[in-house]
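Readers should treat all values here as calculations from the given coordinates under stated rules, not as data from a laboratory. Please read these numbers as outputs of a predicted model, since none were measured by experiment. Positions of Cβ are generated from backbone atoms using ideal geometry, with glycine treated the same way; all protein chains shown enter the neighbour counts.
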Amino acid sequence: MTKSRVRIVREAEEDLAELVDYIAQHDSVERANYVLERLTTVCERLEQHPEQGHFLPELRSLGIKTYREVHFKPYRIIYEVVGREVFILLIVDGRRSLQAILERRLLR
């Protein structure tokens, strides 16, 4: 099986940094590091299985099947597969409403 290349776009890197900082400040550095490690592992798995995620329910109802997601609950990793490349576009706490974020970041 051919590996895909996983790329994290700048905005998703910023999402991850903000998330880790928030957890470190409001919980603990240990918990923040654990979440960072788990999210990184989930992203790395996409090298072998880029099609494993499901289409976003928020967009599927609009007929948009470009973006997929995988989870490390409650966090959502939203990505797009283009050829043999996987672009991580958004990393967000799944308890947040995604409507405004999706409109601003994915549907421009």
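Give me the three principal axis extents of the chain from the C-alpha atoms, as integers in angstrom, largest value leading.
For the chain, the Cα spread along each principal axis is 39, 35, 22 Å.
Return the whole-Å distance between the Cα centroid of segment 79-97 and the Cα centroid of segment 18-51.
14
How much FRET efficiency would the formula 1/(1 + (r/R0)^6) give for residue 61 and residue 34, where r is the Cβ-Cβ distance and R0 is 41 Å, rounded to 0.05?
0.75
Where in segment 25-45 is the amide nitrogen less than 13 Å from a point lying 7 Å along the Cα-to-Cβ axis of residue 6?
Within reach of a label on residue 6, which here means backbone N under 13 Å from a point 7 Å along Cα→Cβ, segment 25-45 contributes 36-45.
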